Structure formats: C-alpha cells, structure tokens
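Chemist: I'd like to ask you about the structure that follows.
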C-alpha cells in the first residue's frame, strides 16, 4: 500500500478510510489546510496583505459552508467515519471477525498486509482448517490458495500444493519478471 502524505489527502474524502489516513488524521489534515494559509500570511512581508486576507477569509467561508452542506447531505451513519480513530489493522481484524461470508473473510485475511492480521493468526488458521477441504472441493471464484501463506495452511494442504517449495506467486523469479527464459 502506498504511503499517503497529508498534503495529498487534503480534500479527498476517500482517505478518511482506515486504510488511507483514517478519520481523525483526515479531519485534522483538512483543518491544517485551512489554518496554514493564515500562518503563511502572518509571515508574509510583501504588500497587499489586505487583499490576500479578504481572499483567504472568503475561501475559508466558502469551505466552511460547503462542509456544512456536505455533512447535512450525507447519510448520518457516515459522519462518524470522519472522526474515528480506527486503524487499518483494527479495521482488518473487525472485517474478518464480522464477515458474513467466507469470501469476505478471505479478502480481509489475505488481500491486506500480513501485519494487519497480527494477533488474529490462530483464528485465521482455525477458519482455514475447518473450511479448506470445502474450498478446494467447491473452488469458489474468490478462492486462491496461492495467496495463503504457508504458516496458515494445514500441513496436508501444503503437501497437496507441492510441499514447502509450492509456488505462491505468479512471478517465480526476477528473470521471469523480465521475461527471460531460464531454459536458454
């Protein structure tokens, strides 16, 4: 996941998600973006401060009005997402534990950073142990055993997939990444 700077998150409401900045950091970055022009104006030593002050105050007023309209127009359930302190790892654990389907559990456990499920390993292993035979038999569209780290798979599943040297990635080596045929 790319690192997101505060400057790039200003104004993009999607970065309030725990996988972005998170609610509180997003909201603070929005306030920071409104305060800093006035701080910069205080250090400004050129002429025409009066005109710049009027422009900044006007811009701030428009921003404030638009935010009020925005918060009044969105669904009330979403307002809390602008002020939550939930982190990406906490959100991932919550997703896994509250998932209504196996597909969403798989998505939470294996499509995010490995560190996001720290402390949840035993639950993930138990869930896989109970369901892996069914997943392999039914082969649901979302089931990709290659995305599952060996540490989460039961021993018999690792052996069935080729043992400890099983291929877990579509890129087997750096040579393959650059389309170099290793047999040449």
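The numbers here are math on the coordinates, done by the rules we state, and not lab data. As the structure is a prediction and not an experimental result, all values here were calculated from the model. Note: ideal-geometry Cβ built from the backbone for every residue, glycine included; neighbour counts use all protein chains shown.
Chemist: Extending each Cα 7 Å along its Cβ direction at residue 63 and residue 35, get the distance between those two points in nm, one decimal.
Modeler: 1.2 nm
Chemist: A follow-up question, please. May I have the convex hull volume per residue, in Å³, for the Cα set of segment 25-81?
Modeler: Dividing the Cα hull volume of segment 25-81 by its residue count gives 58 Å³.
Chemist: Additional query: Please compute the length gained on full extension between residue 130 and residue 55, using 0.36 nm multiplied by the number of residues separating them and subtracting their Cα-Cα distance.
Modeler: Stretched out fully, the residue 130 to residue 55 stretch lengthens by 20.7 nm.
Chemist: Can you work out the FRET efficiency for the pair residue 28 and residue 137, with r the C-beta to C-beta distance and R0 = 45 Å, to the nearest 0.05?
Modeler: In this case the efficiency is close to 0.35.
Chemist: What distance in nm separates the two pseudo spin-label positions at residue 97 and residue 77, each 7 Å out from Cα along the beta-carbon direction?
Modeler: The answer from the label model is 2.0 nm.
Chemist: Gain in length, residue 150 to residue 45, computed as 0.36 nm per residue apart minus the alpha-carbon separation, to one decimal in nm?
Modeler: So the extension gain works out to 31.6 nm.
Chemist: Just rank 55, 153, fewest to most, by other beta-carbon atoms within 10 angstrom.
Modeler: Starting with the residue having the fewest Cβ neighbours, the order is 55, 153.
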